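This report concerns only the one structure given below.
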Amino acid sequence: FAHFYHGHMDLILWKNLHAASAQLTVWPVKWLSLHADGHVFWLDKRQDAWYALNGRPTRRDASGRAGSHLGQELDLYVRVKLWE
């Protein structure tokens with residue numbers, strides 16, 4: 001379920017984090033759907049760290065000068081219904 005909010009890369013723990021996402025799904029035919037999920041991540045507090053899934057800090061900047069932007073992710077996938 002966490003993939004819905006934070007994408008499929010699993011690089012970020014839900015700690016000191018803000019995230020935004022947008023999803024788009026189209027059905028060109030009834031048996032085929034195309035999906036695009038975009039995610040953007042940034043720190044809640046610049047002086048705190050970015051935490052990996054193991055709970056350890058990945059990036060820490062006590063001064064807060066490194067900025068809060070962590071990155072973005074784009075997930076693309078296709079679903080095909082083979083039979084009804």
Honestly the chain on the Cα gyration tensor test (a ≥ b ≥ c root eigenvalues; a/c under 1.5 rounded, otherwise a/b vs b/c for prolate or oblate) is just prolate
The chain: most fluctuating residue of LEU70, LEU32, LEU43 per GNM, C-alpha cutoff 10 Å: LEU32
Candidates per chymotrypsin sites (Phe, Trp or Tyr not before Pro) in the chain, loop by DSSP, up to 16 other Cβ within 10 Å: PHE1, TRP14, TRP31, TRP83
Note: ALA52 to LYS81 extended length (0.36 nm per residue) minus current alpha-carbon separation gives 6.9 nm
Within the chain, what's the longest run with no trypsin sites (Lys or Arg not before Pro) in a DSSP loop and at most 11 other beta-carbon atoms within 10 Å? Give the range, please. 1-29
How large is the helix-only mean residue ellipticity at 222 nm for the chain, computed as the sum of -39500 (n - 2.57) over DSSP H runs with n ≥ 4, divided by its residue count, in deg cm²/dmol to the nearest 500? -1000 deg cm²/dmol
Over the chain, what percent of the accessible surface lies on carbon and sulfur atoms, probe 1.4 Å? 59
For the pair HIS35 and ALA20, how long in nm is the line joining their label points, each one 7 Å along Cα→Cβ? 2.3
With the 1.4 Å probe rolled over protein heavy atoms, the chain has an accessible area per residue in Å² of 74
Under 24 Å from LYS45, Cα to Cα: lysines that are on another chain or at least 8 residues apart: LYS15
Sum of side-chain charges, HIS8 neighbourhood, beta-carbon under 12 Å (Lys, Arg +1; Asp, Glu -1): -4
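The values are calculated or read from the model by the stated rules, or taken from the named source; none is laboratory data. Small disclaimer: the values here were computed from a predicted structure and weren't measured. Heads up, the Cβs are rebuilt from the backbone with ideal geometry, glycines too, and the neighbour counts pull from every protein chain shown. Ligands, DNA and RNA are stripped out before the accessible areas are found, and what is left, the full protein with its side chains, is counted by its heavy atoms. Shrake-Rupley method; radii C 1.70, N 1.55, O 1.52, S 1.80 Å.
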